[in-house]
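Here's the structure we're looking at; comments come further down.
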Amino acid sequence: RMREVDLGCGKALLIKESGEFHAVGHKCPHYGAPLVKGVLSKGRVRCPWHGACFNISTGDIEDFPGLDSLPRFQVKIEKEKVYIRASKQALQTQRRTKMMAKCISLSNYNLSSTNVLIIGAGAAGLVCAETLRQEGFSDRIVMCTMDRHLPYDRPKLSKSMDSHPEQIALRPKEFFCTYDIEVLTEMQVAAVDVKSKIAVFKDGFKMEYNKLLIATGNTPKTLSCKGKEMENVFNIRTPEDANRVVKLATSKNVVIVGASFLGMEVAAYLAERAHSVSLVELEHVPFKKFFGERVGRAVMKMFENNRVKFYMQTEVSELREQEGKLKEVVLKSGKVLRADVCVVGVGAVPATGFLKQSGINIDSKGFIVVNKMMQTNIPGVFAAGDAVTFPLALRNNKKVNVPHWQMAHMHGRIAALNMLAHGTEISTVPYLWTAMFGKSIRYAGHGEGFDDVVIQGDLDELKFVAFYTKSDEVVAVASMNYDPIVSKVAEVLAAGRTIRKRDVE
């Protein structure tokens, strides 16, 4: 059992499992979810919102998203009473950053050589660097990114589009100084020479490394029609892009191309700010491949009730300008939409072009192929995040690409542990969420190729759980207003158990 208990200047989560008592912080350090509403199972508690997991005896984070662990409090039992002893500070912050090593050789290193080089500064890159330091690694770590910012919470770019970089930073600037994690911003790697272990940057700078992590993520696809280079046509990649779109869209006409997660989240965010929001999509229902037709329709209805207009089963044939600015979006169906701003969300491709001649194994779609330890075919070279395909334990080690925030964190951690030769294999259950009009859809598992959907609850009321099955087995689950069912299913799947279709029916 779990109970939230008030200790005067803050709360703790008191847990009783197998006759033992434990007390830890009561809020998930990621976005502050009440853990008492989560799922307790075999020595860990899983967050009801986004699936992060914490060890109940240490408070340590064991699955993601988020970077911090929970504070752990002392518990003693005397005469049938439970006493918890906690520091005020821990009760108030409700988070604990794990102990980390520092770099001991900073004074005598050569500027152009590092022990670990991390290309990319998203969740995968940052978690890799932090994990190395948590495990006592005290040599040089350099991260480089094309971005101008330190690592930030990228999922927020489409969910709360007017966030400033400082507000969504994953760690403050001081953190990187304290733990000697160097970040080179606005630096792009142009090639990697794996034989001599050198990364060559676009500006000609070269850096030697001992171990390498490639975590470059995705590059958004652009439109291929006339006028795509025009001003006011955006892919959302940075906080600046997102901020600019909000500014230009306020009380104006917006056209969004692609009912992807990004496209739909942007449409939801702009619906009450813009004069009009139109969404253009090739499929006849949004999210059809991912959530199935019935859930897709329910979501579409929610958007239509919030003044978003859909133009389905068509694509853009031309963007028209007036005085150098976007004026109209012309569809293949012949329809012409007024548009002051256009946001393109038609998918992405892995940012791996610079590895073409490197000898690192890349599949036909451009994904870096790794094993369960996030190693590539080249010794000492690891890869993580949206740009990789890896064996998913859940689906009999089928090689998959899971371009989601939680997975990138876990990849980064596994890569770091194996850089230190721990021999740790990845076995996490994919977990993701989307937020639109103040409502969240949570999702766990890997539903690719599902052949049936079992739905419980009420789709019209947007209170439902959908189980995605393949032959007779549940491969994924999605829910809305039905917590903590998705976290429950994730725990069952994480324990290696199979859920059959008849179980959910």
task = With r as the distance between the Cβ atoms of Lys309 and Lys42 and R0 = 45 Å, compute the FRET efficiency 1/(1 + (r/R0)^6) and round to 0.05.
result = 0.40
key: Positive-end residue of Asn306, Thr97, Val266, charge dipole of the chain with Cβ unit charges   = Thr97
task = Tally the DSSP beta bridges in the chain and give the antiparallel ones as a percent, rounded to 5.
result = 70
ask   = Around Glu281, what is the net charge, scoring Lys/Arg as +1 and Asp/Glu as -1 over all other residues with Cβ under 11 Å from its Cβ?
value = -1
key: About the Cα centre, charge dipole magnitude for the chain (Lys/Arg +1, Asp/Glu -1 at Cβ), debye   = 600
ask   = For all pairs of alpha-carbon atoms in the range 77-156, what percent lies in each bin of width 10 Å, listed from the first bin to the last filled one?
value = 14, 31, 28, 14, 9, 4, 0
message = Compute and list, largest first, the equivalent-ellipsoid semi-axes of the range 1-77 from the alpha carbon gyration tensor, each √(5λ) rounded to a whole angstrom.
response = 18, 14, 11
key: Listed pairs Lys365/Lys398; Lys288/Lys501; Lys195/Lys356; Lys288/Lys470 exceeding 18 Å between Cα atoms   = Lys288/Lys501
task = Compute the FRET efficiency between Glu283 and Glu231 as 1/(1 + (r/R0)^6), taking r as their Cβ-Cβ distance and R0 = 30 Å, and round to the nearest 0.05.
result = 0.55
request  = List, in the order given, every pair from Lys197/Lys372; Lys206/Lys372; Lys228/Lys372; Lys332/Lys399; Lys211/Lys289 whose Cα-Cα distance in the structure shown is over 32 Å.
outcome  = Lys228/Lys372; Lys332/Lys399; Lys211/Lys289
message = Restricting to bridges with both residues inside the range 196-343, how much of the DSSP beta-bridge set is antiparallel, in percent to the nearest 5?
response = 45
remark   = For the chain, whose charge dipole is built from +1 on Lys and Arg Cβ atoms and -1 on Asp and Glu Cβ atoms, the candidate among Cys342, Cys53, Pro379 with its Cα farthest towards the positive end is Cys53
inquiry  = Please compute, over every Cα-Cα pair in the chain, the percentage with a separation greater than 31 angstrom.
reply    = 49
Non-local Lys pairs in the range 2-93, i.e. 8 or more apart or on different chains, that have alpha carbons under 16 Å apart = 9
Gain in span if fully extended, Thr178 to Val454, counting 0.36 nm per residue against the direct Cα distance = 94.3 nm
key: Area projected by the alpha carbon convex hull of the range 363-505, averaged over all directions, nm²   = 9.6
ask   = What cysteines in the chain have no other cysteine with a beta carbon less than 4.7 Å from their beta carbon?
value = Cys9, Cys53, Cys103, Cys128, Cys144, Cys177, Cys225, Cys342
note = The farthest towards the positive end of the charge dipole of the range 233-346, of the residues Val295, Ser251, Ser278, given +1 on Cβ of Lys and Arg and -1 on Cβ of Asp and Glu, is Val295
ask   = So what does log10 I(q)/I(0) come out to for the range 438-503 at q = 0.15, 0.16, 0.17 Å⁻¹, using the Debye formula with one equal point on every Cα and no solvent?
value = -0.42, -0.48, -0.54
remark   = Note on the range 199-356: C-alpha Rg/Rh, Kirkwood Rh, two decimals, gives 1.05
query = Using the beta-carbon distance between Ser160 and Lys79 and R0 = 56 Å, what value does 1/(1 + (r/R0)^6) give for FRET efficiency, to the nearest 0.05?
reply = 0.65
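Values quoted throughout were computed directly from the atomic coordinates according to the rules given, and no laboratory measurement underlies them. In this text, all values refer to a predicted model and were calculated from it rather than measured experimentally. Cβ atoms come from the backbone with ideal geometry, glycine included; neighbour counts cover every protein chain shown.
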